[in-house]
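Have a look at the structure below, then the notes.
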Amino acid sequence: MFNPVDNGGEPAIRLEAVIGDLDPIVALLSLIHITGDRQLLHRYGPLLEGTQDQKRAAFVNLGSREHKQADPAVVAEIRAMLAQEMTRSPEPLMREPDPALFRDMLKLALGQELPEASIEPARHHGGFVTDTRVHKPEVAPPADFKVLVIGGGMHGINAAVKLKQAGFSYTVLESRHEIGGTWSVNRYPGAAVDTPSVQYSYSFDPNPSWTKFYPMKDEFLQYLERVADKHRIRPHIHLNTTMQSADWDEARQLWIVKAIRDGEAVTYEANAVILSVGVLSRPRWPDVRGRDTFTGPVLHSAAWDEDVDLTGKRVVIVGTGCSGVQLTRAISEFAAHVTTVQRQPDYIIPNPQALAPVPELERLAMERIPYVTQWKRMQSLASQMMDMRGMMGFDKEWNEKTGGFGPLNDAVTKMSLDYLKSHFPDDPEMVRKLTPPYPLYAKRPILDCGYYDALKRPNVDLVEGQLAGFEEDAVILADGTRIECDAVVLATGFHLDWYSNMHFAGRDGRTLKETFTPYPYAYEGITVPGFPNLFITHGPNCNLTANAAVIGEQQVHYIVELLQTMIDEDIAAVEPDVEATRAYNDWTQEKLLDTAWYRKGGAHGYYRHDDSGRIVIATPRHNSTVWHAMRQPKMEHFVLTYRPNVEKRAPRSMPMLSI
């Protein structure tokens, strides 16, 4: 039964108010899940066509479709049926709609048809299936087949949950005192998720209780903590445990991993290692003169000292990427003065929901009414599941006709620049300062979190330049500009290490650092020749196609499929074939040549490898294409080492029984 909520002494919020606020289409879809009655879609779906709820959100304000108003009598009828079902403590009769029904429900929810290639990805990432395994296990993973996960961030927690679900023995090593990865490390004021909260969560465990559309750091960390508790994986997580080395033992066909746990040396043995440490983990401190002479605090966004109080201080913020923008907005609210030093402007995307709280009735609907969260998640994900031709990729025909980059890229560019001009209509100099001299997506665009409004505050200045050095009470820019200050905040990003500071020695003793010199590469971004049973999440050339939660789920799925195949076929070790890896990477780099990441103009940033200039972050594939590639590994592209002295298992037969 729906429980009214007593809001701190206020009258309890009644069921009617929650359902009355709910999008009628989402109410109908929830009703279908609860009752299992697919005839409801035939009866009411046509009456709601064209009434889809249109919310202005980042990246999707590219036009509008005709919006109709639903017949109030029809809406009232749907809501009354839902209210009646909710008073019965509903347990949904339909949890996973079959593909045909899901396609029809999806079309109603979105007001358009998704491309066929995105239907199954939508079922997965919308949260309508919780076990995505394709390979049907023939043999349960034995207790002595051990998997070691390095890193307890978003991908590491995902791996732990799915390894447990598949029956594998696993241990997670986390160097910090708590799980959370990025959201444990990034403690700076204003740190927030820049992906909608309803998307930036696990499809198998969505959070209906976000208080903001874009949650702040602590709320997201709390979400990860709840997931770990709910799935009972904490006993398998070793905190304060830093990996020292990992060496492949060819004779025993396993990894020997040495670590320091709570100050003591420990050794782990594992048949497989999943490396889930993000590539952006080591802060980039500017190599400039005189830092030790500065008498005030020098803070880095990725190494924040929470004991430092900047209230009433004159603060210089160096950098205007995502962290710099968030810091400028947050610190300007309590510092005496903020000077933000901009080396290069970024595209800022309008985002009406950036700081907005999730309305209470909407949150209660997601918490209490089955499948409201999933359908709202699906509506939020929809735009990235459409064809995106001309967004990242250079469209030669379009360029010849218009001089532009591509139709979608140009549309978002115009949106961004119009937004900029609307904020500074009488300040052409500020517009000039903030207009990027490169194509959109050559660097990561930034969702506005109130940055432009912060720049208009009387206590904020934007200065163009590059940090060159420090003096006792000031910073010096490359052009000689001297800015007096009490504290300096460096939002200067990370080194793109690609695990070069971690010792992995594979077959023949060759290290991962040596293999990744002059640049990192992998097969499907996950496996590397010469490193048997080593699987990387967030690896080379598999990013920027979707948010980290989505990409991580796809990669973990692929890894579990590969591990189960090893169990079923008595495989001791797998590694990608050298030629298959070369072909995959040659194709990837060729396709990347006609993207904004290569056609970057004057843009700088972490999308390109520091030493080689090669694009090693991005993939040229649409994420729905990646999803299909991740369903099952192509075993013909792997070198397999079978367990010795094991008889080949005969296929199971099923003779019919008799009486």
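In region 535-550, of all residues being crowded, with 23+ Cβ neighbours inside 10 Å and under 24 Å from Lys513 (Cβ atoms), the one that is farthest from the chain's Cα centre (by Cα) corresponds to Phe535.
Checking Tyr519 against (1) closer than 30 Å to Gly190 by Cβ; (2) aromatic (Phe, Trp, Tyr); (3) part of a loop (DSSP other than H, G, I, E, B), which test does it fail? All conditions pass for Tyr519, except number (1). Among the criteria (1) assigned to a helix (DSSP H, G or I); (2) touching a residue at least 60 places away in the same chain (Cβ under 8 Å); (3) out of contact with any Ser or Thr (no Cβ under 7 Å at 6 or more places or on another chain), the one Arg582 does not fulfil is (2). Across region 493-516, the number of residues qualifying as polar (S, T, N, Q) and not in a loop (DSSP other than H, G, I, E, B) comes to 2. For region 259-291, the set of residues classified as exposed (fewer than 14 other Cβ atoms within 10 Å of the Cβ) and assigned to a strand (DSSP E or B) consists of Glu264, Ala265, Thr267, Glu269, Arg289, listed by residue number.
When region 590-607 is filtered for residues that are open to solvent by less than 70 Å² (accessible area, probe 1.4 Å) and either over 15 Å from Phe405 (Cα atoms) or not charged (D, E, K, R) (or both), the ones remaining, listed by number, are Leu592, Thr595, Ala596, Trp597, Gly601, Gly602, Ala603, His604, Gly605, Tyr607.
Scanning region 215-258 for residues that are of a type in the set (Val, Ile, Thr), part of a strand (DSSP E or B) and touching a residue at least 40 places away in the same chain (Cβ under 8 Å) returns Ile237, Thr241, Thr242, Val257. Tallying residues that are part of a helix (DSSP H, G or I) and open to solvent by less than 20 Å² (accessible area, probe 1.4 Å) within region 84-119 yields 10. Please work out if Gly63 is modelled with pLDDT under 95, of a type outside the set (Phe, Trp, Tyr) and under 30 Å from Ala411 (Cα atoms). Here the answer is yes, as Gly63 does meet what is asked.
Per-residue answers, yes or no, for (1) under 28 Å from the mean Cα position of the chain (by Cα); (2) surrounded by 13 or more Cβ atoms within 10 Å (Cβ to Cβ); (3) free of Cβ contacts under 8 Å to residues at least 60 places away in the same chain:
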{"site": "Phe394", "(1), (2), (3)": "yes, yes, no"}
{"site": "Lys401", "(1), (2), (3)": "no, no, yes"}
{"site": "Thr413", "(1), (2), (3)": "yes, yes, no"}
{"site": "Tyr419", "(1), (2), (3)": "yes, yes, no"}
{"site": "His423", "(1), (2), (3)": "no, yes, yes"}
{"site": "Leu434", "(1), (2), (3)": "yes, yes, no"}
{"site": "Tyr441", "(1), (2), (3)": "yes, yes, no"}
{"site": "Cys449", "(1), (2), (3)": "yes, yes, no"}
{"site": "Pro458", "(1), (2), (3)": "no, no, yes"}
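Against the numbered list (1) in contact with a Leu (Cβ under 9 Å, 6 or more places away or on another chain); (2) of a type outside the set (A, V, I, L, M, F, W, C); (3) not in a loop (DSSP other than H, G, I, E, B), His177 comes up short only at (3). For Leu512, are the conditions met, namely being open to solvent by less than 20 Å² (accessible area, probe 1.4 Å), out of contact with any Asp or Glu (no Cβ under 6 Å at 6 or more places or on another chain), farther than 24 Å from Val298 by Cα and without any contact (Cβ under 8 Å) to a residue 40 or more places away in the chain? The answer is yes for Leu512. Could you name every one of the strands (runs of 3 or more DSSP E) located completely within region 403-492 that has at least 3 residues being of a type in the set (A, V, I, L, M, F, W, C)? Result: 460-464, 467-471, 474-477, 487-490.
The values are calculated or read from the model by the stated rules, or taken from the named source; none is laboratory data. Model, not experiment: these values are computed from the prediction. Reconstructed Cβ throughout: ideal geometry from the backbone, glycine too, with neighbour counts over all protein chains shown. Note: accessible area is taken over every heavy atom of the protein model, side chains too, but ligands, DNA and RNA are not part of it. Shrake-Rupley method; radii C 1.70, N 1.55, O 1.52, S 1.80 Å.
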